[in-house]
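**Q** Please read through the structure below; I'll follow up with questions.
Bear in mind these aren't lab numbers, they're just calculated from the coordinates by the rules spelled out. Because the structure is predicted, anything quoted here is derived from the model rather than measured. Because the Cβ atoms are built from the backbone with ideal geometry, glycine has one as well, and the counts that use them run over all protein chains shown.
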Amino acid sequence: MTSTSERVIVPPMDDYNQQLVSHVHPPDWVNPKPADRYDLVVIGAGTAGLVTAAGAAGMDIGLKVALIERHLMGGDCLNVGCVPSKCIIRSSRVVAQMKEAGDFGIRPPEQIDIDFSAVMERMRKLRAGISHHDSAQRFKQTYNIDIFLGEGSFQDSNTIAVGDKILRFKKAVITTGARAVRPSIEGIEETGFLTNETVFSLTERPKRLAVIGGGPIGCELAQAFRRLGCEVILFHRHSHLLNKEDTDAAEIVQHKFEQEGIRLVLDCKMKRAVKMDEGKLLHYTCNGQDESIIVDEILVGAGRAPNIEGLNLDAVGVEYHRKGIKVNDYLQTTNRNIYAAGDICMKWKFTHAADAAARIVIKNTLFSPFGLGRSKLSDLVMPWVTYTDPEIAHVGMYEDEAQEKGMKVSTIKIPFNTVDRAIADGEEDGFVKIHHQKGSDKILGATIVARHAGEMISEVTTAIVGNVGLSKLSSAIHPYPTQAEGIKKAADAYRRTLLTPNTKRFLGLLTKLS
């Protein structure tokens, strides 16, 4: 039988990337004969698509499920997002900790030898090792899902074409995700640039790296590559980095970047790029002045664009716009038999958000027609983390969001220089900040800035989901010493606000009488 899969190249095609491709887009894959009709067809095998398909097929109630992927199963998260970036960030943190060793009474080496190619090889090795979880063969064998490698295109309201195969369906889910935005900078295409989709193919360290975009992706990679030995210039069009986060949180990260030697060019506008013999010349304006700089590589980390091309959405009455597919609160498109989930339709472009959305889709496509209830996107409590060092983790509402909704807000902020474990760890730059409804212990949102803030935010997320207020959180015993004790300190601070002057006087009188 002849392969129906186009050969996919993930440079460099060493043993690890060959292993990766053999799992997530096997070159010898043969698309199966379609079933007469599928209960569910999922287009896109990123996180949202994999969870939707596996969740539906894994219920073992006889559902027939098909999954279509035109490129790499596992989507951005496995191939060009969470997995490779966190591998590189981990290596870069080792370098930073070695440089900080003197603060802990440990004499660091005079010269830290960073083997950039070995760092990238480690990433490829770990990514390949993880990739079998998202492999075509595993989803076929474990879940009995029909896997079709190729581009899916709607033909009418109950059929999708993949090459010469026609798939008929009862319900369909679009989970095709998003991609890096192509920058509108004159000459950038001819000059050449990297995005998150290509930067992990590097095998040699660029000496001079320009990073365009001071959001989460740009900041995470700028810091990692600086620590791995690159000269990094970070361009951002706003007045401070991570401008969607609270200013006090972003300032801590920005100060850290400056300490580590990242050159920040803020309030700037990129004008044009020119390829030269000595490198890539970037022209930009900053504070009304025209300036330029020569670098070896340009990394663009500014924005995402939805993957809607080729789906033929007009043929099935699915509305879309420049930010993606239009869905209602149940993740249903304007065609009642077609749903969407993940980056293709949601403002939260995180792996865990795609996972949560997939679970909503499973319930709403398969169970709600039988009167078993529907789940809403708006009911989700969504945490997120920017994996700089220190990390910024957030959940719920920011203070200004709550105020815009007419809520009266009180805020409690605990600096980590008052938390014993943070002092012992030498990680005092950061804080726990919790917003609660004024006159109530109801938690509205929280921001944590710490080296491992992402490991702490789930306690607050659980409290919000479980409607656990600060009073109850205060009664939870936290091991001493831990940095998570900062959360308890915030809850204790709320409890102290309940002691009115009259209560304090009464307690003082009781103490004297005893």
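**Q** Test of understanding: what is the full-extension gain from Asp246 to Glu260, defined as 0.36 nm times their sequence separation minus their Cα-Cα distance?
**A** 2.9 nm
**Q** Now for a separate question. Check Val409: other-chain or 5+ apart residues with amide H under 5 Å from its amide H, H built from backbone geometry?
**A** For Val409, the qualifying residues are Lys438.
**Q** Simple spin-label model, 7 Å along Cα-to-Cβ: Val381 to Lys170 in nm?
**A** 3.5
**Q** With charges only on Cβ, +1 for K and R and -1 for D and E, what is the dipole size of segment 188-302 about its Cα centre, in debye, rounded to 20?
**A** Charge dipole of segment 188-302: 120 debye, to the nearest 20.
**Q** Right, next: Just list whichever of Lys33/Lys376; Lys347/Lys408; Lys256/Lys488 have alpha carbons separated by over 29 Å in the model shown.
**A** Violating the 29 Å limit, Cα to Cα: Lys33/Lys376.
**Q** Let me ask something else about it. Which lysines, on any chain, are close to Lys275 with Cα under 21 Å apart, when same-chain ones fewer than 8 places away are left out?
**A** Partners within reach: Lys207.
**Q** What does the highest-first list of 153-160, 188-195 look like by mean Cβ count within 10 Å?
**A** 153-160, 188-195
**Q** State, to one decimal in nm, how far the label point of Asp15 lies from the label point of Glu197, with both points 7 Å from Cα in the Cβ direction.
**A** Going from the Asp15 label point to the Glu197 one covers 3.1 nm.
**Q** Here is a follow-up. Take the alpha-carbon centre of segment 273-302, take the same for segment 315-330, and report the distance between them in whole Å.
**A** Distance between centres, Cα-based: 37 Å.
**Q** Report the Cα-based extents of segment 188-302 along its three principal axes, largest first, to the nearest Å.
**A** Answer, in whole Å and largest first: 42, 35, 23 Å.
**Q** What are the extents of the Cα atoms of segment 337-403 along their three principal axes, in Å, largest first?
**A** 47, 26, 16
**Q** So for each of 140-149, 305-314 I average, over its residues, the number of other beta carbons within 10 Å; can you give me the resulting order with the highest mean first?
**A** Descending mean neighbour count gives 140-149, 305-314.
**Q** Please report the antiparallel percentage of the DSSP beta bridges confined to the chain, to the nearest 5.
**A** 65
**Q** Separation of segment 396-410 and segment 20-35 by C-alpha centroid, Å?
**A** 49
**Q** Let me ask something else about it. With Cβ to Cβ distances under 9 Å as the rule, what net charge do the other residues near Lys64 carry (K, R +1; D, E -1)?
**A** -2
**Q** Between Met98 and Asp115, what is 0.36 nm times their sequence separation minus the Cα-Cα distance? Round to one decimal in nm.
**A** Contour length minus the Cα-Cα distance gives 4.7 nm.
**Q** Shifting gears a bit: What length, rounded to one decimal in nm, is gained on full extension from Arg208 through to Asp425, with 0.36 nm per residue of separation minus their alpha-carbon distance?
**A** Fully extending the segment from Arg208 to Asp425 adds 74.9 nm.
**Q** Treat every Asp and Glu Cβ in the chain as -1 and every Lys and Arg Cβ as +1, leave all other atoms uncharged, and give the resulting dipole magnitude about the Cα centre to the nearest 20 debye.
**A** Dipole about the Cα centre, nearest 20: 1820 debye.
**Q** Further question: List the residues whose amide H sits under 5 Å from the amide H of Arg304, counting only those 5 or more places along or on another chain, with H placed 1.01 Å from N in the peptide plane.
**A** Here Val181 satisfy the definition.
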